[in-house]
1. Could you please state, rounded to a whole Å, how far the C-alpha centre of the range 246-306 is from the C-alpha centre of the range 348-401?
2. What whole-number value in cubic angstrom gives the convex hull volume per residue for the C-alpha atoms of the range 200-296?
3. Measure off 7 Å from each Cα along the Cα-to-Cβ vector at Glu381 and Ser98, then give the distance between these two points in nanometres to one decimal.
4. Please grab the % of Cα pairs in the range 89-209 that end up more than 21 Å from each other.
5. Using a Förster radius of 51 Å, what is the FRET efficiency between Leu305 and Glu75 based on their Cβ-Cβ separation? Nearest 0.05, please.
6. Any idea what diffusion coefficient the range 253-309 gets from Stokes-Einstein, in µm²/s, Kirkwood Rh on alpha carbon pairs, 4 °C, 1.567 mPa s?
7. With no solvent and one equal point scatterer placed on each C-alpha of the range 283-401, evaluate the Debye formula and give log10 I(q)/I(0) for q = 0.21 Å⁻¹, two decimals.
8. Counting each pair of different Cα atoms once, what's the Kirkwood radius of the range 189-243 in Å, rounded to one decimal?
Amino acid sequence: MRRRLLPLGLAVLFFNPSFAQTVDTGRGDASETSNIRAPRTTEPVAPLTLKAALELALGANPGLSAAGRELEAVEATITQAQVRPNPQISTLIEDTRSATRTTTLQLNQPIELGGKRGARIEAAERGRDAASAELDAKRAEIRAAVIAAFFDALVAQERLRLAQLSVELAQRATTAASRRVTAGKVSPVEETKARVAEAGVRVEFTQAASELTTARKRLAAIWGNPSPRFERAEGQVETLPALPTLAELTTRLTNAPSLLRAGLEVDRRLAMAQVERSRRIPDVTVSLGAKRDEQLGQNQAILGLSIPIPVFDRNQGNLLEALRRTDKARDELTATEVRLGGELAQAHERLNAARLEVESLQKDILPGAQSAYEAATKGFELGKFSFLEVLDAQRTSFQAKSQYLRALAEAHRSAAEIERILGAASTQSIPAPAATQQ
């Protein structure tokens, strides 16, 4: 009997679609290496441009690499969703005496009904779409972080340059005060005040150097390098981002990565609800086998069909959970749309306010503060002004330039925030008026 049953079982296994799929899947497992890598990388020892920083970050950011690997993992769920149930082979021996023994060999094949396989594949594909949208959102986030950190480094470099100039000017003022004290023209108190002011400027220089070090590390950390090697950030810090109208930005909000991701999550939850709905229909198991009765000396064919009766378990709980999670995804989509709209309006307003502040500083405050300082310094050297007047003019000039740099940094951060929300180059840079140099 075994000689007759063995070819039967092999034939069923060979022509079973699930067996063929298992073989194909096994062949695909030979390649287990990922196409996405997130190695630790270091930038070259050279001036760093914004384009180079973006390439480094998009190629080696660990968070972006993790999102890519998640997409690869979700791709594998589609492969798994396509497979069919495996057949089962069973044997039964009745009685241990060979003369009265009955041996049964049976092959059982579950058959899915209710569109379960198609629903699984659809849910897995929607999951892949959601993971792809998550990758796009992460890429937009990394781009925005690089842009903001890059311009922060540019601003920190400029602040350090201004602090260095302030130190040099303070040294000149101290030297001039010392000469006048030696000549007996002013009280030694003037020299003491000059030295105190110089010490204060040196403290500001130290703070500016610390801010630059922090900005450089923040930028390099985006591509996984804790110790930046680039010489300096190379770019135009005074290049202001353009300011599109809020209506133009709002029309592009429908394609924002975060909003697309939330919409795809609704689709995924709907597909998962369909999976749970299909599971309410019971599957059929077809059985094929043979039975050998030694006592009668006969072989008997066995054909069977089994269907579960959905009396108690109709998958009602899982279906209700899937439907409620679908409602939750819809609410999250609405909340995301409202949140992004508010964030976009706020970023647009901050960008507008920063541009107005930069223009006001460029036209009125910076030239006036610089002119007042130069006049006070020259007048002090000629003995027309006191050192307090020079010190006040110097402080005013430095504060105005620091405010100017802060406004530039805020403008670039706001533009980067808009790009993060919309997921694309939303603003084009335009040159600001040339800054008054000290």
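Quick note: the coordinates plus some simple rules give every number you see, no bench work behind them. From a predicted model like this one, the values you see are computed outputs, not experimental measurements. Because the Cβ atoms are built from the backbone with ideal geometry, glycine has one as well, and the counts that use them run over all protein chains shown.
1. 71
2. Details: hull volume 35.5 nm³, N = 97.
With only Cα atoms used, the range 200-296 gives 365 Å³ per residue.
3. Each label point is offset 7 Å from its Cα along the Cβ direction, giving 12.1 nm.
4. On the way: 5324 of 7260 pairs.
That tail contains 73 percent of the Cα-Cα pairs.
5. Details: r = 37 Å, r/R0 = 0.72.
For R0 = 51 Å, the calculated efficiency reads 0.90.
6. On the way: Rh = 16.1 Å.
So the translational diffusion coefficient is about 80 µm²/s.
7. Relative scattering, expressed as log10 I(q)/I(0), comes to -1.11.
8. Values: mean 1/r = 0.0702 Å⁻¹.
By the Kirkwood definition, the hydrodynamic radius is 14.2 Å.
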